[in-house]
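K.L.:
The structure is given below, and queries will be raised subsequently.
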Amino acid sequence: MEFVDPIYDVKDIRKLKLALKKKSPRDYLLFVFGINTGLRISELLPLTYADVLTENKCIKTELNKEEPVILINHSMRKALQCQMEMLPSIELDNYLFASPKTGMPISRQQAYRMIHTSANQVGIDARIGTHTMRKTFGYHAYRKGIAISLIQKRLHHASPAETMKYIGLTKKLAPRIDVEL
């Protein structure tokens with residue numbers, strides 16, 4: 001497995017979000033959920049609309065598949081609304097990140113290709129993969145002042161040192177950035 005980096009610069013995150021949104025609301029949604037939850041790709045891909053919508057198809061306030069509960073923030077709501085506007089109908093048991101051909105979740109390989117290719121297209125000079133989303137979440141949470149112990153718990157790491165290394169803080173500290181992703 002190849003080592004990947006977080007995206008340190010918020011401008012690069014914005015460029016990638018814009019490129020993904022133009023390409024596909026599904027791909028945009030996957031990236032936004034990834035960088036705002038810290039979930040692994042294997043935890044993101046099987047999400048269904050029932051995980052994020054009520055029976056009346058209103059967006060829930062939290063994604064309660066995880067402990068502790070993950071709040072569905074403004075960025076996630078916006079991406080979810082973008083996706084929902086493009087669909088003729090929504091069944092709660094449908095996957096959020098479904099392949100249009102099969103209706104099943106896209107593969108990990110497809111998710112990697114989507115993120116990696118789009119990052120290259122917008123000129124992000126880093127090693128990008130599916131773990132980039134998780135690492136970006138952890139890095140920016142830390143830069144916003146979230147305790148490393150809480151980030152460690154969310155990422156299911158054994159020690160704070162493991163989390164620091166995972167999010168790229170042993171190599172360098174990038175400038176402090178305080179924005180919602």
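K.L.:
Considering the range 108-125 alone, what residues qualify as being surrounded by fewer than 17 Cβ atoms within 10 Å (Cβ to Cβ) and in contact (Cβ under 8 Å) with a residue 40 or more places away in the chain?
P.N.:
Residues satisfying the conditions are Arg108, Gln121, Val122, Gly123.
K.L.:
Moving on to the next point. Which of the residues spanning the range 1-23 are assigned to a helix (DSSP H, G or I) and surrounded by 13 or more Cβ atoms within 10 Å (Cβ to Cβ)?
P.N.:
Matches in the range 1-23: Val10, Asp12, Ile13, Arg14, Lys15, Leu16, Lys17, Leu18, Ala19, Leu20, Lys21, Lys23.
K.L.:
Something else now. Taking the condition of being in a loop (DSSP other than H, G, I, E, B) and under 26 Å from Pro25 (Cβ atoms), how many residues in the range 128-148 meet it?
P.N.:
3
Read-outs: derived from the displayed coordinates by stated rules, not from any lab. These numbers come from a predicted model, not from an experiment. Every residue, glycine among them, receives a Cβ derived from its backbone with ideal geometry; neighbour counts consider all protein chains shown.
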